[in-house]
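Remarks on the structure that follows.
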Amino acid sequence: RYSMIHKRFTLAALALAGGLFASLNASAHVTWLATTHGTPSVMFGHNATNNEGYPVSKFISARGLKNGEAVTVASKPQSNFVTIDTSSANVVAFVLDNGYWVESKDGTWINKPKAEAGVEVKSSGQYVKHSVAYLNARETAKPVGLDLEIVPAVNPATLKQGQKLSVQVLLRGKPLAGASISNDYFGNNKRVKTNAQGKAVLTVANRVFNIFEVEHTEKHPDAAKAAELGLSSTLTFDAQHASEE
């Protein structure tokens, strides 16, 4: 079940963006699942009407859940984005690696590891994007197993706009305290911090499509490649709304 809001994310928008994967916003972008011309597609960008194409090699993997069990979901590369067959799953999760980015002293951004950039480096990082999509209200909520994920206490697709949802942020399977989390990434984007158990209570912001987002930055394990490892993760779902009542 995908809402009409998802229809805004069209293949035309991807084409217009072409391969504009660059930029100052390398760390700010996120990934999410949306329907384009009837097909669930992996999106990349930083707002609801400005999403970008990307090299399909940056798509890492996808997985699914159905009735509490892991299921295989097939992905298919297109020209500058990836589609996912969600027919076998109630929950779909995936990972997109935006790669290594170096900002030179003159402000130029280069999509290479620090050691290969050939410039005087101002900042550098690797930016990995995660997403979990609840496709319907049938699945019981549980962790999917991403390096960074927002785990809802109940299936969020069972809730309505304005209701509260307790979530827990997990970093490699362990609670992440002090994580910055938003209940409306495309909207007001007000953020709260998770407590010592990695938990926070969020409000379902929108009548239909909702996108929660969390981010975390740590020291990169390979200093020759980048100074920081930036992780982001989204949780998306359609709230229960009047047309379904």
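Report relative contact order for the chain in percent, whole number only (criteria: Cα-Cα under 8 Å, sequence separation at least 6). The normalised contact order for the chain reaches 17 percent. Heavy-atom accessible surface of Lys114, to the nearest 10 Å², is about 70 Å², with a 1.4 Å probe and all protein chains retained. Under a Gaussian network description of the chain, with springs only between Cα atoms under 10 Å, the residue in Gly125, Gly187, Gly107 that fluctuates furthest is Gly107.
Working with all protein chains in place, sort Ser182, Ser61 by solvent-accessible area computed with a 1.4 Å probe, largest first.
Working: Ser182 0, Ser61 40 Å².
Highest to lowest solvent-accessible surface, that is Ser61, Ser182.
Would any residue of the stretch 61-79 have its amide N under 16 Å from a label point 7 Å out along Cα→Cβ of Ser87? List them or say none. Those under the cut-off are 72-76.
Distances over 29 Å make up what percent of all Cα-Cα pairs in the chain? Can you show the working numbers first?
Working: 7927 of 29890 pairs.
Everything past 29 Å amounts to 27 percent.
This model, with +1 at the C-beta of Lys and Arg and -1 at the C-beta of Asp and Glu, gives the chain a dipole about its Cα centre of some 360 debye.
Volume of the convex hull of the stretch 36-104 (Cα atoms only), normalised per residue: 118 Å³. Just in the stretch 65-128: which GluC sites (Glu not before Pro) are loop by DSSP and have at most 12 other Cβ atoms within 10 Å? Sites meeting the loop and neighbour criteria: Glu120. Taken over the stretch 167-245, the alpha-carbon convex hull comes to 111 cubic angstrom per residue. Between Asn188 and Ala227, the contour length at 0.36 nm per residue exceeds the Cα-Cα span by 11.0 nm. Exposure check, 1.4 Å probe, all protein chains in place: Thr31 carries approximately 0 Å² of accessible surface. Computed over protein heavy atoms with a 1.4 angstrom probe, the accessible surface ordering of Thr140, Thr236, largest first, is Thr140, Thr236. Around the amide H of His29, modelled in the peptide plane, lies no amide H under 5 Å away from a residue 5 or more places distant or on another chain. A 1.4 Å probe, protein heavy atoms only, puts the accessible area of Arg63 near 80 Å².
The modelled label-to-label distance for the pair Thr203/Val71, using points 7 Å beyond Cα in the direction of Cβ, is 3.5 nm.
The values are calculated or read from the model by the stated rules, or taken from the named source; none is laboratory data. If you're wondering where the values come from, they're calculated on a predicted model, not measured in any experiment. A quick note on method: Cβ atoms are made from the backbone with ideal geometry, for glycine too, and the neighbour counts reach across all protein chains shown. Each accessible area value is taken on the protein alone, full model and side chains, heavy atoms only, with ligands, DNA and RNA left out. Shrake-Rupley method; radii C 1.70, N 1.55, O 1.52, S 1.80 Å.
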